[in-house]
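J.: So that we are looking at the same thing, I have put the structure below in structure tokens.
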Amino acid sequence: MRLSERPSQIAGFVRARIRQRAGTLRVLWRTRRARVGIAGLGVLLVLALLADVLASPAPSLRVLEAPSLAHWLGTDGRGRDVLACLVHGTRAGLSVGLVSAALVVGAGVALGAVSGFYGGRLDTFLTRTIEVLLSVPTILAVLALRGITGQSGLLDVAVVFGVLRWTDVARMTRAEVLRARNSDFALAAHALGLTPRQVLWRHVLPDAVSPAVVAAPIAMGAAIVVDASLAMLGAPEPAGVVTWGALLAGARLHKDAWWLAVFPGFALFASVASFNLVSESLRDALDPHLRAMAVPGTETPRSRGVAGPTTRSQDRVGR
Amino acid sequence: MLRLILRRLLVVVPTLVGVTLVSFALLVLAPPPGGGLASEASRSLFLDLPTFVSADPRDLARDVDAALGATARGLPAPDLGVRGAVLVPLLAPRLAALPAPAQRWALKQLGPSAGRLATEAELVGAGDDLEFWVELYESRRLDFRPSHVRRLVRRLRAGRSRHAAEQLRVLGTYALPELVAALDEEDGADARQRVLTVLTDLSPDAPPARLGVLDARAPEAWREWWFVHRPDFVVFGPIERSLSAVTETRYGKWIARLLTLRLGTSAVDGEAVAGKLVSRGAVTVALATLAAALAFVLAVPLGTLTAVRRDGFADRLVGALGFVLYSLPVVWVGTLLLRAVCGAPGLALFPAGGLFDPALASASLPTRLVDLAWHLAMPVLSLAYPSLIVLSRHQRSAVLNVIRSDYVRTARAKGVPEHRVLREHVLRNALPPVVTLAGLEVPLLVGTSVLVEELFAIPGLGRETVAAVAARDVAWLVAVTAAAAIVGVIGLLFGDLFVALVDPRTRRAGGGRR
């Protein structure tokens, strides 16, 4: 290869990559499920950004009022408007989810890639570590940590979740990296004189991130659910923060207030469902076999959940 | 085959070590309790010990030597008087050879033991302190032997000798090891009470003494106290001395706790953690097993059906329903079920909590079993449905992968009936990965059952853990995390071993894991 050829080659490579990405997004947008999921996430995001403008969850004396025109979804035990609480709760939910997913994906991809690409003793060590962490129940670990340290901040949950649950992503990434490392294109890159690190970064990893991309929204939803479950298990609501879990936990205290049981739980369900929809559509869009089916003019792929090797372990990480 | 199983079991060992390290990390995170390193709370967490390796592990002999060394250098030596009569065989024979300041210190430490050891006449008759102790030890030397103490404890337990208790009191703390060991014997209540009485007399300052002799928790409290305080009263032998560099550390003590199941006493009710772990853990494991079994038994036919009738009506219905269920958080489903069908405040079709109806305590066994099933229905259902969805999806994709394979086409081509194709070619090849994944469900189920138990008021690990969080019960929380992780490891192991049993390919490859 002559040096003068390289710029044009790189430009071609970049163009192809952009086309590929744009293609993925276009395929993604084409399915109805994806549009519903993305719309749901958009609503969450807008509510979180505009929460202060839209509603104020200030405590009042109108405690435990049933839904009415004044309070569409009723009020909770501290006289806060439930709708306003739900709107403000998106902030806590999204921050827990984002921090958890960032940790899960970051640690999972990095450690899984290193483990699968370099192999050897490091791989053995990481595989064992993953097996250990897989065996620790998340809710129990967060609960134990709260009891032991006496702290229960919002981000503590997210951090523990991330530290424990990068394992699923790491396992899937490792398998993908192993496959890509032994492929012809990796061999070709190696033959062209690229260093192992270059092969990993430029050729192997881009081909192996799709399980992590698919897992990220699931991790966000799962972290939100874990946080809500912990509220049900008696975690106090952090000062100055509104969480859906704490609202739902109020339903155990006030048995007659059905609106406390129904609406926060539905908010939880709707956001988890959005995350899952996005994740499933991403999986279909990233799967080359299914993408081939989704050429313009034909029907969208019906075969939900058809598993290629990447989707085999769509473990969800908490409930 | 056997070699494969053995190899898989060997692989579990490093995993278990990892589990001990993770739970140990929780222990290290515990904030030090008030009262400094020497306080009882700190010592029961072994905060006074180094973390992994002890350069100079301490026992009674090391403490005494350190104190004597301090007096020789003119430094203030610690007061070891509370150690009691164990000091006598260590200090009395050396008294005459000690330099004057050390001698003064040693006599001061021995002082509290004098009243018990010597008769009135001896106390009055002796000249100076030094002479008194030399003479006393000369006459009592034969009493300070482990075999003598053992004989006395044996007589005390048998209850035939009135003097045994007296003599043990005379020997003071020197008798502690044998007395605590006697608590492990299968004795009657009387014998145990006699042992406890003497123990309480010997070290009235120890916290278990405050429980009183009749308290059922007292034996465990004494064992726990001895587990923590043993180095204060015992001189290590040569083997223990060399091992103590790793055993007399925080991690070493944690491993010792796990191996001997001496997990301390709960801060909530003072009961032994290990015992509570077994009784409550049985409920949780039963709940999780029932849920896993239910999920697996339903998921396999459901997944197979949806795969065979791919894109048919049933497949699409199950797919849509599954997606909804998959996104429904257990915490919401549990809350709604409790309100809607468990009579809080809706229809009371199912009981609202607990495992048994107290009104049926004297009913016949079948009635009580039905009652139990009645109580378990809703909890098991809310625990099982996420696993059901996940496993049926895996089963569906596994069957789809197999159904497209050449050997299935061959089987059909040569005229094998469809049901036999399904049973012998498809299912046999599709099941192993799903079983492995069912093993992975175990830790998730244990985690979720914490929540379900709290919602449905089931007396398992989860409810106990919630109480422990409120009470900041470190002993319980660390132990329960370790126990749950060990259950999880066992779940993974069973999944792998089952696959090795049914799948000859893994056997030939010589490893249970991909």
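J.: Specify which of the listed residues (B:I255, B:I239) is more than 14 Å from every other protein chain (Cβ to nearest Cβ), over 30 Å from B:R192 (Cα atoms) and among the β-branched types (V, I, T).
T.: Being more than 14 Å from every other protein chain (Cβ to nearest Cβ), over 30 Å from B:R192 (Cα atoms) and among the β-branched types (V, I, T) holds for just one of B:I255, B:I239, which is B:I239.
J.: Please go through region A:82-113 and pick out each residue that is hydroxyl-bearing (S, T, Y) and either outside any helix (DSSP H, G or I) or within 16 Å of A:V226 (Cβ to Cβ) (or both).
T.: Of everything in region A:82-113, those that are hydroxyl-bearing (S, T, Y) and either outside any helix (DSSP H, G or I) or within 16 Å of A:V226 (Cβ to Cβ) (or both) turn out to be A:S95, A:S100.
J.: Pairs please, first residue from region B:236-251 and more than 12 Å from B:R58 (Cβ to Cβ), second anywhere and among the acidic types (D, E), Cβ atoms under 6 Å, 6+ apart in sequence or on different chains.
T.: If the second residue must be among the acidic types (D, E), no pairs are left.
J.: Go through (1) in contact with a Phe, Trp or Tyr (Cβ under 8 Å, 6 or more places away or on another chain); (2) surrounded by fewer than 21 Cβ atoms within 10 Å (Cβ to Cβ); (3) assigned to a helix (DSSP H, G or I) one by one and return the number of the condition B:V390 breaks.
T.: Here B:V390 clears every test but (2).
Residues are listed down the side, and each one gets a yes or a no for (1) surrounded by fewer than 24 Cβ atoms within 10 Å (Cβ to Cβ); (2) over 16 Å from A:V242 (Cα atoms):
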| residue | (1), (2) |
| --- | --- |
| A:C85 | no, no |
| A:V99 | yes, yes |
| A:G112 | no, yes |
| A:Y118 | yes, yes |
| A:L140 | no, yes |
| A:V159 | yes, yes |
| A:R174 | no, yes |
| A:A180 | yes, yes |
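J.: Exactly one condition in (1) at pLDDT below 80; (2) under 25 Å from B:L493 (Cβ atoms); (3) within 14 Å of chain A (Cβ to nearest Cβ) is false for B:T20; which is it?
T.: (1)
J.: Out of B:P366, B:P301, report the one residue that is more than 38 Å from the chain's Cα centre (by Cα), surrounded by fewer than 23 Cβ atoms within 10 Å (Cβ to Cβ) and in a helix (DSSP H, G or I).
T.: Among B:P366, B:P301, only B:P301 is more than 38 Å from the chain's Cα centre (by Cα), surrounded by fewer than 23 Cβ atoms within 10 Å (Cβ to Cβ) and in a helix (DSSP H, G or I).
J.: Taking the conditions exactly as written (closer than 15 Å to B:L492 by Cα and either within 14 Å of chain A (Cβ to nearest Cβ) or touching a strand residue (DSSP E or B) at 6+ places or on another chain (Cβ under 7 Å) (or both)), does B:V442 satisfy them or not?
T.: Details: closer than 15 Å to B:L492 by Cα: yes; either within 14 Å of chain A (Cβ to nearest Cβ) or touching a strand residue (DSSP E or B) at 6+ places or on another chain (Cβ under 7 Å) (or both): yes.
Yes, satisfied.
J.: Any idea which of (1) part of a helix (DSSP H, G or I); (2) buried (at least 16 other Cβ atoms within 10 Å of the Cβ); (3) more than 7 Å from chain B (Cβ to nearest Cβ) is the one A:S152 doesn't satisfy?
T.: With respect to (1) part of a helix (DSSP H, G or I); (2) buried (at least 16 other Cβ atoms within 10 Å of the Cβ); (3) more than 7 Å from chain B (Cβ to nearest Cβ), A:S152 is out only on (1).
J.: Something else: From the list A:S135, A:S115, A:S95, A:S100, which residue is small (G, A, S), in contact (Cβ under 8 Å) with a residue 12 or more places away in the chain and within 14 Å of chain B (Cβ to nearest Cβ)?
T.: After ruling out the rest, the residue left standing is A:S115.
J.: Right, another one. Would it be correct to say that A:A307 is within 12 Å of another protein chain (Cβ to nearest Cβ), at pLDDT below 80 and either surrounded by 18 or more Cβ atoms within 10 Å (Cβ to Cβ) or in a helix (DSSP H, G or I) (or both)?
T.: Against the criterion (within 12 Å of another protein chain (Cβ to nearest Cβ), at pLDDT below 80 and either surrounded by 18 or more Cβ atoms within 10 Å (Cβ to Cβ) or in a helix (DSSP H, G or I) (or both)), A:A307 qualifies.
J.: OK, next. Go through the residues of region B:177-193 one by one and say whether even a single one is acidic (D, E) and part of a helix (DSSP H, G or I).
T.: The answer is yes; a qualifying residue exists.
J.: Another question, then. When you look at A:H190, is it in contact with a Phe, Trp or Tyr (Cβ under 8 Å, 6 or more places away or on another chain), away from every other protein chain (no Cβ under 11 Å) and free of Cβ contacts under 8 Å to residues at least 24 places away in the same chain, yes or no?
T.: Considered against the rule, which asks whether it is in contact with a Phe, Trp or Tyr (Cβ under 8 Å, 6 or more places away or on another chain), away from every other protein chain (no Cβ under 11 Å) and free of Cβ contacts under 8 Å to residues at least 24 places away in the same chain, A:H190 comes out as no.
J.: Could you tell me which of the residues A:V199, A:V204, A:V295, A:V242 is out of contact with any Phe, Trp or Tyr (no Cβ under 9 Å at 6 or more places or on another chain), β-branched (V, I, T) and at pLDDT 80 or above?
T.: The unique qualifying residue is A:V242.
J.: Now, a different point. With respect to B:V331, is the statement that it is within 12 Å of chain A (Cβ to nearest Cβ), in a helix (DSSP H, G or I) and in contact with a helix residue (DSSP H, G or I) (Cβ under 8 Å, 6 or more places away or on another chain) true?
T.: yes
J.: On to the next question. Hey, could you check region A:123-145 for residues that are of a type outside the set (A, V, I, L, M, F, W, C), in contact with a helix residue (DSSP H, G or I) (Cβ under 6 Å, 6 or more places away or on another chain) and assigned to a helix (DSSP H, G or I) and say which is nearest to B:V489 (Cα to Cα)?
T.: Among them, the one singled out is A:S135.
J.: Tell me, yes or no, whether region A:121-129 has at least one residue that is of a type in the set (D, E, K, R), surrounded by fewer than 24 Cβ atoms within 10 Å (Cβ to Cβ) and at the interface with chain B (Cβ under 8 Å from one of its Cβ atoms).
T.: yes
J.: Let me ask something else. Could you tell me whether B:P14 is surrounded by 13 or more Cβ atoms within 10 Å (Cβ to Cβ), free of Cβ contacts under 8 Å to residues at least 40 places away in the same chain and under 23 Å from the mean Cα position of the chain (by Cα)?
T.: Considered against the rule, which asks whether it is surrounded by 13 or more Cβ atoms within 10 Å (Cβ to Cβ), free of Cβ contacts under 8 Å to residues at least 40 places away in the same chain and under 23 Å from the mean Cα position of the chain (by Cα), B:P14 comes out as yes.
J.: Spot the failing condition for B:E464; the list is (1) within 18 Å of the chain's Cα centre (by Cα); (2) more than 24 Å from A:V225 (Cβ to Cβ); (3) acidic (D, E); (4) more than 8 Å from chain A (Cβ to nearest Cβ), and only one is missed.
T.: Single failed check for B:E464: (2).
J.: Being under 30 Å from B:G354 (Cβ atoms), part of a helix (DSSP H, G or I) and free of Cβ contacts under 8 Å to residues at least 24 places away in the same chain is the requirement here; does B:V469 meet it?
T.: yes
J.: Still on this model: Is it fair to say B:R316 is surrounded by fewer than 18 Cβ atoms within 10 Å (Cβ to Cβ), out of contact with any Asp or Glu (no Cβ under 9 Å at 6 or more places or on another chain) and either away from chain A (no Cβ under 11 Å) or not in a helix (DSSP H, G or I) (or both)?
T.: Spelling it out, it is not the case that B:R316 is surrounded by fewer than 18 Cβ atoms within 10 Å (Cβ to Cβ), out of contact with any Asp or Glu (no Cβ under 9 Å at 6 or more places or on another chain) and either away from chain A (no Cβ under 11 Å) or not in a helix (DSSP H, G or I) (or both).
J.: Could you tell me whether region A:270-281 includes any residue that is at pLDDT 85 or above, closer than 26 Å to B:R309 by Cβ and charged (D, E, K, R)?
T.: Just the residues of region A:270-281 that are at pLDDT 85 or above, to begin with: A:270-281.
Those left that are additionally closer than 26 Å to B:R309 by Cβ: A:273, A:276-277, A:279-281.
Going one step further and asking which of them are charged (D, E, K, R), we end up with A:280.
Scanning region A:270-281, I find at least one residue that is at pLDDT 85 or above, closer than 26 Å to B:R309 by Cβ and charged (D, E, K, R), so the answer is yes.
J.: Looking only at region A:253-263, filter to residues that are within 20 Å of B:S327 (Cα to Cα) and at the interface with another protein chain (Cβ under 8 Å from one of its Cβ atoms); which one of those is surrounded by the most Cβ atoms within 10 Å (Cβ to Cβ)?
T.: Among residues in region A:253-263 that are within 20 Å of B:S327 (Cα to Cα) and at the interface with another protein chain (Cβ under 8 Å from one of its Cβ atoms), the one surrounded by the most Cβ atoms within 10 Å (Cβ to Cβ) is A:A261.
J.: If I filter region B:406-426 for residues that are crowded, with 20+ Cβ neighbours inside 10 Å, under 34 Å from the mean Cα position of the chain (by Cα) and more than 10 Å from chain A (Cβ to nearest Cβ), do I get at least one hit?
T.: Checked region B:406-426: no residue is crowded, with 20+ Cβ neighbours inside 10 Å, under 34 Å from the mean Cα position of the chain (by Cα) and more than 10 Å from chain A (Cβ to nearest Cβ).
J.: While we're on this one: Can you confirm whether A:R165 is over 30 Å from A:S60 (Cβ atoms) and among the basic types (K, R)?
T.: yes
J.: For region B:274-326, how many residues meet the condition of being free of Cβ contacts under 8 Å to residues at least 24 places away in the same chain and among the aliphatic types (A, V, I, L, M)?
T.: 11
J.: Next question, about the same structure. Just to check your reading of the model, which residue among B:F46, B:F52 is among the aromatic types (F, W, Y) and buried (at least 18 other Cβ atoms within 10 Å of the Cβ)?
T.: B:F46 is the lone residue from the list that is among the aromatic types (F, W, Y) and buried (at least 18 other Cβ atoms within 10 Å of the Cβ).
The values are calculated or read from the model by the stated rules, or taken from the named source; none is laboratory data. Quick caveat, the model's predicted, so the values are computed rather than measured. We place every Cβ from the backbone using ideal geometry, glycine too, and count neighbours over all the protein chains shown.
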